[in-house]
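The values are calculated or read from the model by the stated rules, or taken from the named source; none is laboratory data. What you see is a predicted model; the values in this text were computed from it and never measured. All Cβ positions, even for glycine, are placed from backbone atoms using ideal geometry, and neighbour counts span all protein chains on display.
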Amino acid sequence: MKFLLLSNVNVQPLLAHLQPLEVNCGAYNSLLADLSTANSPATAADITHVLCLFDADTMMGDARYGIGTFEQCNMFLATLSGFCSRHPEKVVVINSFCLSASRQLGYADVTHPNSLRSIEASLNEELISIAKARSNLLVFDMELLFRRYGEKVLLSNGLWYAGRVRYTARMFELLASTIRQMLAAYTHQSRKVLILDLDNTLWGDLVGEVGPNGVTLGEEGAGRCYRDFQRALKALQKTGVLLAITSKNEEADVYEALDTNPMMILRREDFAAIYADWQPKAENIIKIAEALNLGTDSFVFIDDNPVERAAIRKFLPEVAVPEFPDRIENLQTWLFGEVMPAHFGKYSITAEDAAKTEQYRANAARQKLAASFDLDGYLRELNIECNIHVNAAGQLTRAAQMTQKTNQFNLTTRRYDVTDLERFVKSAEHAVLMLDYRDRFGDEGSVALAIVDLAGGRIDTFLTSCRVIGRKVETRLLEKAIELCRDRGLQKVIGEYIPSRKNKMAASFYENHGFKPLFKSADGRVTYEKSIDAR
Amino acid sequence: MPDKKLRAVIEIVAKALDISADELSPESSMENTPLWDSMGHLTICLEFERRFGKSLDLDQITMASSVRDLVALVP
């Protein structure tokens, strides 16, 4: 990865904050020129990311003072759009238009025809519509930083007039962490599970002492701090984060509070796993990981008790353990302002994300059913329906997510982002196959993915979500992949297994499906071949 | 010149210019320190701001061009 930082002001101080990323800074005020000129540094093949950090006041020029037009802003947007479409292989990160609070029209700015507020809004609308059309353009909302910290803290007038540096040291730090967090979100490196304590975390007081209906939770005062925190957690859950509980309490008290306390926002069914007992929390977290089939390195742990936090940091250092806020009135802003961006950032949210808890809960129900049937009988009981889509343009965000996040049943662990998949879908050489799954317990959405290199007669990527392992859907997807090769007139198809730290469970997949090993390299990579019978 | 303030300023300048603190003295300035150019100076001011939580005004940024000048601005 190699970054190029472009701007219309002096943003060189950002470089130090972005380390250890490899970032070069474009020439001063080269933003427009670099994006529009062929053979500019931004077009260089080794540049993977272009960071455009522009100052909207400066770009507006005299229009900022009500003189002339802001045509140059529209021109910039057109240039940006052109660059993104000419370079789909590069990720372009840009801030939204964010004018300073100075308004020459004063109160009239709200309704005046030359209102800066409305100009800013229309420019942002245009910028966002470009981002919707170009999946390699990532926009971050700079206004949120100004809302949270304020212009007096973030803009530096002294440095501006001394050397065209617009921002304070604090702002450079915030910009660097925003850019980092957004890129992590874009490549799906966010965590998946939030483990919560109960007493003095989800409600005030100890349920074991004051009873399930005696805890501090309500619409006023301290009770509302906890209730609003629960509202925020529920919103977080809707973005695809799984909630789970580990609490030192009697299980019966906990379930009674979850099921009957009228002030609870979060209920039993909102949690993917609940462990209320007297076991060490580290042990319960490991059990939750097993039940959900997810690694503890995707977990975040929230507990008001510093001793519990220290224990998790010690025994499970891969779990993220944020400090708990000093004051309960800050619980909600803390969750949204710090925990979410640092650990649960998402650049796009799919329908699967919103229904995730349901899916994991349904899986638990399926496991129960599995205990009472033989495998084939069980599969019949499930009434599985699969739908395989080939090159479905609308599902590529989910497809990219799957290549990034699937580790266990993933034959080659090749990671792709949306722009890569768009290229595959457009070329006749590749086919992207996605399998949608539903059964009597619910709709799982897209759960398996294959990318077939039709020109090379090779299955480039083959993966299945762990949620549906053991239900033979991978066999159906493989059959479809082979069928596409047959339709192409191919006589054989190549499959590969590339071992990783986590994908041992997929090692015998091709052999189990009639593929013959061709050769095995020193690093454990195996290449297989299967003849395709003509039809 | 109080030692503590001098040490802090030397650390700031060294970090901003990415050089060793040993290369700096109270007499180091834009005149005699090779990497202390106008961009280096802005970086020093930002680092000063970060360290002391105090932003410098335009006069201070333009006038303070040596370690000695910066020490005088330490709150």
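The condition (being over 21 Å from A:Tyr167 (Cβ atoms), buried (at least 18 other Cβ atoms within 10 Å of the Cβ) and of a type in the set (A, V, I, L, M, F, W, C)) is satisfied by just one residue among B:Val71, B:Val13: B:Val71. Residue count for the range A:147-180, restricted to those that are surrounded by fewer than 19 Cβ atoms within 10 Å (Cβ to Cβ) and among the polar types (S, T, N, Q): 2. Restricting attention to the range A:297-318, the residues that are touching a residue at least 40 places away in the same chain (Cβ under 8 Å), outside any helix (DSSP H, G or I) and either closer than 19 Å to A:His343 by Cα or within 27 Å of the chain's Cα centre (by Cα) (or both) total 6. The set of residues in the range A:123-143 that are under 17 Å from A:Thr58 (Cα atoms) and out of contact with any strand residue (DSSP E or B) (no Cβ under 8 Å at 6 or more places or on another chain) comprises A:Leu123, A:Asn124, A:Glu143. Taken over the range B:17-28, the criterion of being within 24 Å of A:Gly158 (Cα to Cα) and either touching a Pro at 6+ places or on another chain (Cβ under 7 Å) or within 14 Å of another protein chain (Cβ to nearest Cβ) (or both) is satisfied by B:Leu17, B:Asp18.
Checking the range A:115-135 against the condition returns no match, with no residue being within 14 Å of another protein chain (Cβ to nearest Cβ), farther than 17 Å from A:Cys52 by Cβ, touching a residue at least 24 places away in the same chain (Cβ under 8 Å) and more than 19 Å from the chain's Cα centre (by Cα). Apart from one condition, B:Leu58 fits all of (1) touching a helix residue (DSSP H, G or I) at 6+ places or on another chain (Cβ under 9 Å); (2) over 18 Å from A:Tyr161 (Cβ atoms); (3) of a type outside the set (Ser, Thr, Tyr); the exception is (2).
State which residue pairs qualify: first residue on the phi > 0 side of the Ramachandran plot and inside the range B:15-43, second residue surrounded by fewer than 18 Cβ atoms within 10 Å (Cβ to Cβ) and in a loop (DSSP other than H, G, I, E, B) in any location, beta carbons under 9 Å apart, and separation of 6 or more residues or different chains. Close Cβ pairs satisfying both conditions: B:Asp18/B:Leu35.
Here the range A:144-195 is the region considered, the condition is being among the aromatic types (Phe, Trp, Tyr) and away from chain B (no Cβ under 14 Å), and the residue that is nearest to A:Lys248 (Cα to Cα) is A:Tyr186. If you take the residues of the range B:29-52 that are facing chain A (nearest Cβ under 9 Å) and farther than 17 Å from A:His17 by Cβ, which of them is surrounded by the fewest Cβ atoms within 10 Å (Cβ to Cβ)? Here the residue is B:Ser38. In this entry, A:Arg467 passes the filter for residues that are assigned to a helix (DSSP H, G or I), among the basic types (Lys, Arg) and not assigned by TED's automatic domain parsing to the domain that holds A:Leu292. Scanning the range A:13-62 for residues that are of a type in the set (Ser, Thr, Tyr), closer than 17 Å to A:Val91 by Cα and either in a helix (DSSP H, G or I) or within 14 Å of chain B (Cβ to nearest Cβ) (or both) returns A:Ser36, A:Thr43.
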